[in-house]
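**Q** Handing you this structure, nothing more for now.
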Amino acid sequence: MREQAWSSASGLANARRVRFLVALVVLFTLWWVLTGKLASELERAEQQSVNMVLSQLRSALVIKGAEAMLSREQSLERLVGENPFEWLDHQWPMYQGQCSEGAPKHRHWCFAPRRQKETGETGKGWLIYNPRQPITIDGKVAEPDQPLAWTVTTEFANRNGKSLREQDGRPTGLKLAPLPFAETTVNRQDAQR
């Protein structure tokens with residue numbers, strides 16, 4: 001009888017261990033799925049945030065371009081390379097202002113002015129964004145710690161059908177054009193020498 005009591009107690013203990021193991025496997029599986037979903041939602045949220053900021057900046061460019069075309073004192077060419085964040089009446093928590101050395105912190109924007117060699121004057125430059133998650137912006141995939149850069153440039157009418165600006169082609173507005181980040185850092189280093 002003692003052997004039966006002993007075997008039923010060990011059988012009960014084994015059943016508890018099996019239930020505990022099954023519960024751990026189920027919890028680990030749920031944790032694994034939740035972690036994957038959370039990562040994809042973080043990527044999607046960051047991508048939507050960047051697209052929202054770019055859309056608001058592009059709207060500001062349309063307005064500023066229209067103001068420049070209607071004004072006698074301003075021209076579109078003078079606005080090329082300017083900081084469009086300054087044209088918006090909004091406090092951006094993710095906008096750091098002018099960039100310090102290197103790229104901004106993760107999920108932050110900054111404006112990297114280029115310096116004129118002769119005058120030391122600043123003002124024109126590039127917008128830089130440093131993603132934390134792999135995101136797709138304007139059809140291009142950006143990996144973490146691979147900053148993205150844009151500059152304000154003029155838009156023109158494509159009359160020749162080749163997407164090339166003709167010599168007599170007049171600008172029709174402003175746009176935000178993507179740049180390779182390497183090009184912005186090389187230009188900043190050259191300008192500082």
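**Q** Mind checking which residues of segment 31-79 are in contact with a Pro (Cβ under 9 Å, 6 or more places away or on another chain) and hydrophobic (A, V, I, L, M, F, W, C)?
**A** Once the filter is applied, which keeps residues that are in contact with a Pro (Cβ under 9 Å, 6 or more places away or on another chain) and hydrophobic (A, V, I, L, M, F, W, C), segment 31-79 yields Val50, Leu57, Ala60, Leu61, Met69, Leu76.
**Q** To continue, here is another question. If I filter segment 52-105 down to residues being among the aliphatic types (A, V, I, L, M) and loosely packed, with under 12 Cβ neighbours inside 10 Å, which single residue comes out as farthest from Leu176 (Cα to Cα)?
**A** Going through the qualifying residues, I end up with Leu70.
**Q** Do we have Ser49 as in a helix (DSSP H, G or I), touching a Lys or Arg at 6+ places or on another chain (Cβ under 8 Å), without any contact (Cβ under 8 Å) to a residue 60 or more places away in the chain and open to solvent by less than 70 Å² (accessible area, probe 1.4 Å) here? If you could, list the steps in order and put the result at the bottom.
**A** Numbers: in a helix (DSSP H, G or I): yes; touching a Lys or Arg at 6+ places or on another chain (Cβ under 8 Å): yes; without any contact (Cβ under 8 Å) to a residue 60 or more places away in the chain: yes; open to solvent by less than 70 Å² (accessible area, probe 1.4 Å): yes.
For Ser49, the condition - in a helix (DSSP H, G or I), touching a Lys or Arg at 6+ places or on another chain (Cβ under 8 Å), without any contact (Cβ under 8 Å) to a residue 60 or more places away in the chain and open to solvent by less than 70 Å² (accessible area, probe 1.4 Å) - is met.
**Q** Identify all residues within segment 76-113 that are in contact (Cβ under 8 Å) with a residue 60 or more places away in the chain, over 13 Å from Val53 (Cβ atoms) and part of a helix (DSSP H, G or I); write none if there are none.
**A** The answer is Leu76, Glu77, Leu79.
**Q** Under 7 Å by Cβ, and 6 or more places apart or on different chains, what pairs join a residue from segment 28-46 that is on the phi > 0 side of the Ramachandran plot and modelled with pLDDT under 90 with one that is among the β-branched types (Val, Ile, Thr) and open to solvent by less than 100 Å² (accessible area, probe 1.4 Å)?
**A** Sorted first by the residue in segment 28-46, then by its partner, the list stays empty.
The values are calculated or read from the model by the stated rules, or taken from the named source; none is laboratory data. Here the structure is a predicted model, which means the values were calculated and not measured. Heads up, the Cβs are rebuilt from the backbone with ideal geometry, glycines too, and the neighbour counts pull from every protein chain shown. The area values use the complete protein model at the heavy-atom level, side chains included, leaving out ligands, DNA and RNA. Shrake-Rupley method; radii C 1.70, N 1.55, O 1.52, S 1.80 Å.
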